[in-house]
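Down below is the structure, laid out as structure tokens.
Derivation of every value follows stated rules applied to the coordinates shown; laboratory data play no part. All figures in this text were calculated on a predicted structure; none of them were measured in a lab. Here the Cβ is made from the backbone with ideal geometry for all residues, glycine too, and neighbour counts use every protein chain on show.
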Amino acid sequence: MDAEERVFADPFLAELAHTRPLQRLKNIGFLGALDYIRTPNGADLHRRRHNRYDHSLGVAELALLYADIRGLNRYESRILAAAGILHDIGHGPLSHTLEPVFNANFGINHHKAGTAILDGKTGLGSEIQEIMRAYKIDLDEVVAMVDGTHTGAHAFLFSSPINLDTIEGISRSRLFAAKATRPFNPKRLVALIAAEAAWPAKAADEFWRLKDSVYNMIIHHPSGLLFDGLAQAYMFLEIEQFRPSNFLWNEEQLRNRQPRLFSIFAWARSSKRRALHRLSEKSPKILEHAVKAPIRHFSVNESTSVCTAADLSKRYVQTKLSRNISIAELVGENMMTEAATA
């Protein structure tokens with residue numbers, strides 16, 4: 001049984017999945033600009049373009065697995081699964097890639113957009129509110145679970161460093177690296193968390209180290225930084241063509257209205273040298289533009305044992321840094337990486 005079948009077995013969750021806001025996520029790439037590094041073929045897992053809808057159903061499926069093993073009642077199970085299916089509802093086109101530019105210029109991010117959607121204050125309608133009322137599910141409780149402000153026994157599933165969102169997300173991102181990372185089964189980790197009285201430190205530690213490798217090999221790889229940077233530089237320089245409401249576009253709408261951005265992706269995908277040449281000719285200001293390239297590291301503090309949910313953030317540590325770098329320098333780093341691996 002795949003995630004969709006498992007989630008759709010509950011009519012409440014099936015109705016949520018068929019709402020306009022959820023269906024919109026089918027055209028929001030999971031990795032943002034990184035999804036355009038390769039041409040998808042629809043078959044190989046590392047060449048398939050994943051989306052936020054698939055990810056959201058995956059998180060809901062993990063929530064249902066946890067609820068089943070813990071023996072939660074139907075209401076508790078639905079709260080967790082609804083939080084899973086709705087947690088990314090506010091993502092904009094190219095997901096996390098363009099969000100910093102939207103936020104800097106318009107004060108919009110996926111958290112604020114998600115709240116507006118759930119409140120029925122966007123053009124996407126109020127279906128979600130109506131479904132919640134019909135099934136007598138407290139929307140405020142679901143929102144609290146998503147926001148990390150819920151105080152219940154299972155809130156750590158969304159608020160702690162090792163949460164259902166990141167477990168599913170790293171598992172999905174890992175596929176992008178093909179055989180470059182060690183195998184990982186997200187359901188196994190969630191089952192251990194649900195079934196064991198003590199925290200499954202060995203399995204959780206392995207996952208946290210996997211997250212570090214996925215970030216280094218994919219998200220913060222020179223190619224990933226370049227594609228993110230190209231999109232951010234393009235939007236920054238063409239900001240007069242964008243409006244706050246564009247955050248609720250899907251990627252097809254973005255492509256139709258900003259085709260040149262996707263042409264830039266195609267240049268970079270075919271050859272970094274070609275991208276440098278074409279950008280020099282057609283968009284030299286993009287090459288000059290500097291972006292903040294993030295640097296993240298994830299480490300395990302083995303001196304801290306997990307006795308309560310509060311200990312999770314002490315054992316599983318992340319550091320966030322960034323560096324300012326021009327697009328031209330990122331292209332150069334990519335060319336050196338390609339030469340070294342040729």
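With Cβ to Cβ distances under 14 Å as the rule, what net charge do the other residues near K112 carry (K, R +1; D, E -1)?
Summing Lys/Arg as +1 and Asp/Glu as -1 gives -3.
Please provide three numbers in whole Å: the alpha-carbon extents of segment 168-273 along the principal axes, with the largest listed first.
Cα spread of segment 168-273 along its principal axes, largest to smallest: 55, 35, 19 Å.
If you place +1 on the Cβ of every Lys and Arg, -1 on the Cβ of every Asp and Glu, and leave all else neutral, what size is the dipole of segment 184-342 about its Cα centre, to the nearest 20 Debye?
Roughly 260 debye for segment 184-342.
I'd like to compare 13-20, 228-235, 116-123: which one has the highest average count of other Cβ atoms within 10 Å, and what's the full order after that?
228-235, 13-20, 116-123
State which entries of K26/K136; K202/K314; K26/K187; K211/K320; K292/K314 exceed 21 angstrom in Cα-Cα distance in the structure shown.
Too far apart for the 21 Å limit: K26/K136; K26/K187; K292/K314.
Once phi is turned into ³J(HN,Hα) by the Karplus curve 6.51 cos²θ - 1.76 cosθ + 1.60 with θ = phi - 60°, what whole-Hz value does each residue of segment 133-147 show in order, with x for glycine and proline?
Rounded to whole hertz, the list is 5, 5, 9, 6, 9, 6, 4, 4, 5, 5, 4, 4, 5, 5, 6.
What angle, in degrees between 0 and 90 and rounded to the nearest 10, separates the Cα long axis of helix 201-214 from the longest principal axis of the Cα atoms of the chain?
20
In square nanometres, what is one fourth of the surface area of the convex hull spanned by the alpha carbons of segment 106-238? Before the final figure, lay out each step's value.
Values: hull surface 44.8 nm².
Across all orientations, segment 106-238 yields a mean hull projection of 11.2 nm².
Of Y53, W199, I131, which is farthest along the charge dipole of segment 3-341 in the positive direction, counting Lys and Arg as +1 and Asp and Glu as -1 at C-beta?
Working it through, the farthest residue towards the positive pole turns out to be Y53.
Based on the Cα gyration tensor of the chain, what are the three equivalent ellipsoid semi-axes, each the root of five times an eigenvalue, rounded to whole Å and given largest first?
With the √(5λ) rule applied to the chain, the semi-axes are 34, 25, 17 Å.
For the peptides 200-211, 304-315, what is the packing order when you average, over each peptide's residues, the other Cβ atoms within 10 Å and list the highest mean first?
The packing order, highest mean first, is 200-211, 304-315.
Roughly how big is the chain's charge dipole about its Cα centre, with Cβ charges of +1 (Lys, Arg) and -1 (Asp, Glu), in debye to the nearest 20? Kindly include the intermediate steps, with their values, before the conclusion.
Working: 42 positive and 38 negative charges, 220 e Å.
Approximately 1060 debye in magnitude.
For Y316, what residues show an amide H to amide H distance below 5 Å, using hydrogens built from the backbone and excluding near sequence neighbours?
Counting only residues 5 or more places away or on other chains, the set is N301.
With each run of n ≥ 4 DSSP H residues scored as -39500 (n - 2.57), what mean residue ellipticity at 222 nm is computed for the chain after dividing by its residue count and rounding to the nearest 500 deg cm²/dmol?
Numbers: 20 runs with 194 residues, N = 342.
One gets -16500 deg cm²/dmol as the mean residue ellipticity at 222 nm.
When a footprinting reagent is the concern and you count Cβ atoms within 10 Å, what order do V101, V214 take, fewest first? Intermediate values should be presented prior to the final figure.
Details: V101 20, V214 25.
Fewest-to-most Cβ neighbours within 10 Å comes out as V101, V214.
Reported to two decimal places, what Rg/Rh ratio describes segment 54-132 when computed on Cα atoms with Rh from the Kirkwood expression?
1.06
Calculate how steeply helix 222-237 sits against the longest principal axis of the alpha-carbon atoms of the chain, using the helix alpha-carbon long axis, and give the answer as 0 to 90 degrees to the nearest 10.
80
In 10 Å bins starting at 0, how do the alpha-carbon pair distances of segment 276-328 split up by percent?
Answer for segment 276-328: a P(r) of 22, 26, 18, 15, 14, 5 percent.
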